[in-house]
Amino acid sequence: MADDDELDLAALSDEELVEQMHADLYDGMKEEIEEGVRILLERGWQPYRVLTEALVEGMRIVGIDFRDGILFVPEVLLSANAMKAGMTILRPRLAETNAPKVGKIVIGTVKGDIHDIGKNLVGMMLEGAGFEVIDIGINNPVENYLAALEEHKPDILGMSALLTTTMPYMKVVIDTMKEKGIRDDYLVLVGGAPLNEEFGMAVGADGYCRDAAIAVEMAKDMMARRHNVRAAAV
Ligand code: B12
């Protein structure tokens, strides 16, 4: 039984619960977020809907107050941890287990940047769409990307950056790939809040994706086209 002053999340309507989860994410309430995610799933919500409407939207609100100096790093870290806890519950549900593997991707956040929620989300969604995902984490210098490409031989390299100061590093990675003569062996996808299509093209990527759903579409599309080109060549 809940205490008198403790909110019974299960008693809330869907709409109230989602609003409460935005507030709980804002306050970094990990256990409440976990409970909210479970309740929505039990009520038949699709995992992707829980992810976008409850978690990603909640983090968007956190982002606004962080930008405006109302929230600070320690508080946003708590929000991020609560978000990650919710994502952990959703992850296996987003992954269609027996799906045939459609391709392989190495994904990581660039050097100097420790933001990983968006990257993790893209990885989870790609996993759900049947990709094998090798996540090399955050703060990756070019050497890490090259080593991962060499070791895992993926179809796609994905890079994430959330800071205007770190996004130019994507060009360093792509230029190094060109110097080594391996650029065309991989498709390169880039993403992160401060990027746009134009930036993606300017650094020499094959594609820029605004969000994880677009990343899945683009990755699948690119794999299909690559497959067709190869099939036509034989
Ligand atoms: C959470 C957060 C943090 C957390 C990160 C926790 C974590 N584990 O990730 C903490 C508190 C650590 C943090 C620290 C800092 N942060 Co911060 N942070 C954010 C915040 C609020 C949310 C980011 C987020 O998770 N969004 C939710 C996810 C789902 O969205 P997303 O990351 O954009 O990802 C989606 C797409 O972009 C895309 N995508 C992302 N990556 C990829 C990769 C590929 C391959 C593809 C295809 C697609 C793709 O798909 C994703 C899913 O849909 C943003 C605000 C914002 N508006 O972005 C600020 C923000 C990014 N941070 C900012 C700043 C300034 C900082 C600090 C410098 C603050 C400081 N003074 O110390 C430090 C820098 C630390 C570092 N060296 O990296 C600024 C950046 C400003 C700028 N223009 O550069 C922002 C924009 C806030 C602001 N407006 O001031 N931060």
### Task
Being in contact (Cβ under 8 Å) with a residue 12 or more places away in the chain and of a type outside the set (Gly, Ala, Ser) is the filter; apply it to region 78-91 and report the residue that is farthest from the ligand (Cβ to nearest atom).
Ile89
### Message
So in region 56-78, with the set limited to residues that are over 20 Å from Gly137 (Cβ atoms) and in contact with a Leu (Cβ under 7 Å, 6 or more places away or on another chain), which one is most open to solvent (accessible area, probe 1.4 Å)?
### Response
Asp65
## Note on the structure
For region 175-195, pairs from a residue that is touching a residue at least 24 places away in the same chain (Cβ under 8 Å) to a residue that is of a type outside the set (A, V, I, L, M) and loosely packed, with under 15 Cβ neighbours inside 10 Å, with Cβ under 6 Å and 6 or more apart or across chains, are Pro194/Thr164
### Query
When you scan region 92-124, how many residues do you find that are within 13 Å of the ligand (Cβ to nearest atom) and either charged (D, E, K, R) or modelled with pLDDT under 85 (or both)?
5
### Message
Restricting to region 196-210, and then to whatever is touching a residue at least 12 places away in the same chain (Cβ under 8 Å) and within 10 Å of the ligand (Cβ to nearest atom), can you tell me which residue is surrounded by the most Cβ atoms within 10 Å (Cβ to Cβ)?
### Response
Ala205
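Conditions tested, residue by residue: (1) modelled with pLDDT of 95 or more; (2) in a helix (DSSP H, G or I); (3) in contact with an Asp or Glu (Cβ under 8 Å, 6 or more places away or on another chain).
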residue	(1), (2), (3)
Met1	no, no, no
Met21	yes, yes, yes
Ala54	yes, yes, no
Leu71	no, no, yes
### Task
Among what's in region 56-69 and is part of a helix (DSSP H, G or I) and more than 8 Å from the ligand (Cβ to nearest atom), pick the residue that is farthest from the chain's Cα centre (by Cα).
Asp65
### Message
Out of everything in region 127-173 that is assigned to a helix (DSSP H, G or I) and within 12 Å of Ile107 (Cβ to Cβ), what residue ends up being nearest to the ligand (Cβ to nearest atom)?
### Response
Tyr145
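The values are calculated or read from the model by the stated rules, or taken from the named source; none is laboratory data. Please read these numbers as outputs of a predicted model, since none were measured by experiment. With ideal geometry, Cβ positions are generated from the backbone for all residues, glycine too; neighbour counts draw on all protein chains shown. Protein only, heavy atoms only, side chains kept; ligands, DNA and RNA dropped before computing areas. Shrake-Rupley method; radii C 1.70, N 1.55, O 1.52, S 1.80 Å.
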